[in-house]
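Read the structure below first, then the notes.
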């Protein structure tokens, strides 16, 4: 059966091709159900092993979600979601698990049902599970929105107070996030309580309704948001630190290699040069130039050493520029900690080679029993190897600096910053 599904015959009848697509989708759902069972089994086995070893109950099972994430080539945050979903399906929602296994639900739609029922106690959750998913035929034709709405409706009927309490607590999750968008743009997203979110949008809409120039409505709303948040006109340069990493050939020569903007990612050379010229030419900005020397063969940033227990500010900034995002494989989270790969209490030095830029979650995870992280520097290429308690190994390599590879030792890396502290001497 599997061999037939893997073969693609472009001359096959259209109905056969469609049926194979459907069969593969059912297989994906069945595989997700089996992954849930395996994740729960791994968690139970790890907790039993740690209990026998005398690990306190509160610390048992730490790092399991990260191992699940690595095995699925996913970020640690999503690993926690995968493990939480698996526990809910296996222990509390057998009908939803069965619907997933037979292909009536996708993994995402099963996640929506679990999410909407999370505020209920176990008994009510099982009632919701049976009412919505006991007959998998009732799920036919239901999309994401209808699935979520049906689960929410049942949850409100079973325990409206639990739903109200959940809504009341949701305001604590308010936050603002940023992520790259195509063409050197970015998405700044605010998660707000519904009343405040509607009020913000209404204010921006009102500004667009009362402004009459050559800008579109969306442009007026975006410019108004920038002006109201920063207190400055949208066209003015911002007096905040902007770390732009580029080679001297890109800045001063004719090389057009992409540059790297910290907090965003790669940007075209022409855009970077425009940012630099705008900052240097504006008397209100404080543009500074820093040189970071590269390895003559690999192009990697050279090492720095410190005797401090904690990474000094210059060395920490250096690690952040080298690693860009969390060094755990598949984790793209922003760097929050610059810490030791081999812990200081195990003799790990406070050096660039032993330093890793990591998100908070991954840094704490690697301190769990059975986790080991080692680093190496081969011809200027910084590599970290992660070993999990099960003996699985994963490698992470620092991204190369922007600009062409060079042979001369004099080749240097240029960083343009605004109001940025001088790093320690290399």
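A few points about this structure:
- Packing-based order for 211-222, 316-327, using average beta carbon neighbours within 10 Å, highest first: 316-327, 211-222
- Rough spin-label spacing in nm, given labels placed 7 Å along Cα→Cβ, for residue 200 and residue 157: 3.5 nm
- For the pair residue 187 and residue 372, a Förster radius of 35 Å applied to the C-beta separation gives a FRET efficiency near 0.40, rounded to the nearest 0.05.
- In plain terms, the chain from residue 212 to residue 230 could stretch by 4.2 nm, reckoned as 0.36 nm per residue minus the Cα-Cα distance.
- Gap separating the Cα centres of region 82-103 and region 1-72, nearest whole Å: 12 Å
- Tensor-based shape of region 2-171 (alpha-carbon gyration tensor, a/c under 1.5 rounded, otherwise prolate or oblate): oblate
- The listed peptides 85-97, 167-179, 246-258, ordered by packing as a protection proxy, come out as 85-97, 246-258, 167-179 (highest mean of other Cβ atoms within 10 Å first).
- Relative to its residue count, region 305-400 spans a Cα convex hull of 95 Å³ per residue.
- Taking 0.36 nm per residue of separation and subtracting the Cα-Cα distance, full extension of the segment from residue 12 to residue 53 would add 9.0 nm.
- Ranked by how many other beta carbons lie within 10 Å on average, peptides 26-37, 42-53, 122-133 from highest: 122-133, 26-37, 42-53
Read-outs: derived from the displayed coordinates by stated rules, not from any lab. Everything numeric in this text was worked out from a predicted model, so none of it was measured. Because the Cβ atoms are built from the backbone with ideal geometry, glycine has one as well, and the counts that use them run over all protein chains shown.
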